[in-house]
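Colleague: Dropping the structure in here first, questions after.
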Amino acid sequence: MENLRIVTINNNESIWDRKKKILVILAHPDDPEFFCGATLAKWVGEGHHINYCLLTRGEKGTNDHFTRTEQIREIRKREQENAAVAIGAKQVFFMDNPDGFLMATLDLRKELVKVMRKQRPDIVISCDPTNYFIHGTSINHPDHRAAGQVTLDAIFPAVQNADFYPDLLEEGYTPHHVEELWLSLPTHPNISMAVSATWEQKIAALLKHSSQIGDAQEFVKRMHERGEDVHYCEEFHRIVIRK
Ligand SMILES: [Zn+2]
């Protein structure tokens, strides 16, 4: 792919001139805050409505073999709900796919079509399924790629096409056009959100994931360094979806 031009949106700049319904579809509790928490907080501040849909409960996010799976699932669910409150998101939906084994299956595609036809978001946020290596130095989690893949597959063309899933149509889940898809962790970013104004809010939300971050003071220090490294920006590949 040729290099895309990267447009920068400043802290006080708005992308949209009317309020949007935004749905974040990602694999694990803590993905929304790690990948794009400062941007989500900025959008909440502008009055947009944000819900989360998480495809797993992140039960493998522990090195403690003595913690029972059901306990971890509960802890991570609660942490994610508290983090969503810190961002200002309205609702968090969890799907119970097994953490670590997420696949872009036809069944999951249909589930997501149902979720999107029900919630009718204008904007969907997910992550880039083509990104195998984060910053070229570490391997992207396969669940992240699968979450991005299945979200893409559901949005186009199935969500907006009545010929997909007549049974859903009969149940009242009518076709819906998603206007834009924003992929976090992009291989080829085309938009950079300057988010220094909400970087502290991102950190505050991440601190709610205490099972994941280790020593809180150390974590905050690392996140400040990270902010400087990325010039307090979060990047996306923004795609406007044709009807
Ligand atoms: Zn993750």
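Computed from the coordinates by the stated procedures, all read-outs in this text should not be read as laboratory data. Note that this is a predicted model, so its numbers are computed, not measured. Quick reminder, even Gly has a Cβ in these numbers, built from the backbone with ideal geometry, and neighbours come from all protein chains shown.
Colleague: Can you give the direction-averaged projected area of the convex hull of the alpha-carbon atoms in the range 7-240, in nm²? Spell out each step's value before the answer.
Modeller: Values: hull surface 50.1 nm².
Directional mean of the projected Cα hull area for the range 7-240 stands at 12.5 nm².
Colleague: At what distance in nm do the modelled label points of His224 and His188 sit from each other, each positioned 7 Å from its Cα along Cα→Cβ?
Modeller: 3.9 nm
Colleague: Next question, about the same structure. Might you report the magnitude of the Cβ-based charge dipole of the chain about its Cα centre, with Lys and Arg at +1 and Asp and Glu at -1, to the nearest 20 debye? Mind dumping the intermediate values first?
Modeller: Details: 29 positive and 35 negative charges, 102 e Å.
Magnitude of the dipole: close to 480 debye.
Colleague: Please give the calculated 222 nm ellipticity per residue for the chain, where each DSSP H segment of at least 4 residues contributes -39500 (n - 2.57) and the sum is spread over every residue; nearest 500 deg cm²/dmol? Working shown, then result.
Modeller: Numbers: 8 runs with 91 residues, N = 243.
For the chain, the value works out to -11500 deg cm²/dmol.
Colleague: Measure out, as a whole number of angstrom, how far apart the alpha-carbon centroids of the range 185-236 and the range 78-138 sit.
Modeller: Centre-to-centre distance over Cα atoms comes out at 19 Å.
Colleague: What's the exposure ranking of Leu40, Leu152, going from fewest to most Cβ atoms within 10 Å?
Modeller: Numbers: Leu40 29, Leu152 19.
So the ranking, lowest neighbour count to highest, is Leu152, Leu40.
Colleague: Let me ask you something else. To the nearest 20 Debye, how big is the dipole of the range 1-86 about its Cα centre, given +1 on the beta carbon of each Lys and Arg and -1 on that of each Asp and Glu?
Modeller: Details: 13 positive and 13 negative charges, 55 e Å.
It comes to approximately 260 debye.
Colleague: Residue separation times 0.36 nm, minus the C-alpha to C-alpha distance between Val85 and Ser196: what's the value?
Modeller: Details: separation 111, 0.36 × 111 = 39.96 nm, distance 1.97 nm.
Extra length from Val85 to Ser196 when fully extended: 38.0 nm.
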